[in-house]
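Working notes, beginning with the structure itself.
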Amino acid sequence: MRVLYGRCANIDTDYERTRAMTNTVEEREETALRVWRPHRQIAFGRRDARSDSYGRAREAARERGYAVREREVGGRAVAYTGRTVAVAVATPVEDARGAIQARYDDASDRLRDALARLGVDATTGEPPDAFCPGTHSLQSGGKIVGIAQRVHRHVAVVAAIVLITDHDAIQRVLDPVYDALGVPFDPDSVGSVARAGGTTDPEAVIGAITDAFAGDRDVTVEHVGAGE
């Protein structure tokens, strides 16, 4: 397994770095894992982009100091503060659609194990009116983890967002964003590792997640530099 750490100098090149990782997985037929802290941004889903009020939602994000972009994975807007952790696991497969639920279950189990190592007892599911509502989430005093998946012809990518701290900042930015989109949202549904009694250190979370996904494999480490 290749494990990638770090982030690129800006949002666009950082996004392309994950895309390049996925393409390399197909070429080499080798699983890759990226665990990192994306730049401060609101990542909108495709359903958001089709909304008549998408422009107002984007403006609400920018007014609060967040860059905006659209992503390929997931349904609704998510917020990265700069301390929020993202996970992407790209796996070569023959039939990408043949084991979708199994990949979700595996990622959920591994992320729950990582949180347990950090002192957080998370359960599957999410509170009502949570951000980026979906059936693949983990919660403990609020939604902490959201998991999504996309499939290519020969590669499946499971992605996750893990809220470490800054739940209050995420509440403040997502409330007007979701209001603009007309999507129900309860700010108190936003949790974090810190809010659940765990660490406030993103690097500790990155280490626990990496161990949960790569601890039983031969690993090649690759550092993503700010100069990329």
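Just so it is clear, none of the values below were taken in a lab; they were calculated from the coordinates. Worth saying up front: this structure is predicted, and the values here are computed from it rather than measured. Backbone-built Cβ (ideal geometry, glycine too); neighbour counts: all protein chains shown.
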Along the Cα→Cβ direction, 7 angstrom out, place labels at V221 and E16. What is the inter-label distance in nm? 2.7
Which order, highest average first, do 146-158, 2-14 follow once you tally other Cβ atoms within 10 Å for each residue and take the mean per peptide? 146-158, 2-14
Given A20, A160, V221, which one lies farthest toward the positive end of the charge dipole of the chain, if we put +1 on the Cβ of every Lys and Arg and -1 on the Cβ of every Asp and Glu? A20
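Let me spell out the model: positive unit charges on the Cβ of Lys and Arg, negative unit charges on the Cβ of Asp and Glu, origin at the Cα centre of the stretch 33-178. What dipole size does that give, in debye rounded to 20?
500
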Extreme residue, positive dipole direction of the chain, given options A60, S140, G125 (C-beta unit charges): A60
Computed helical MRE - 222 nm, the chain, DSSP H runs ≥ 4 contributing -39500 (n - 2.57), nearest 500: -11000 deg cm²/dmol
Report, largest value first, the span of the C-alpha coordinates of the stretch 85-209 along each principal axis, in whole Å. 42, 36, 21
What nm distance separates the two modelled labels at T200 and R64, each placed 7 Å from Cα along Cα→Cβ? 2.1
First select every other residue whose beta carbon is under 15 angstrom from the beta carbon of D105; then total the charges, Lys and Arg +1, Asp and Glu -1. 0
So what's the Cα pair-distance distribution over the chain, bin width 10 Å, in %? 8, 34, 39, 17, 1
The stretch 1-78 and the stretch 151-191: distance between their alpha carbon centers, rounded to Å: 12
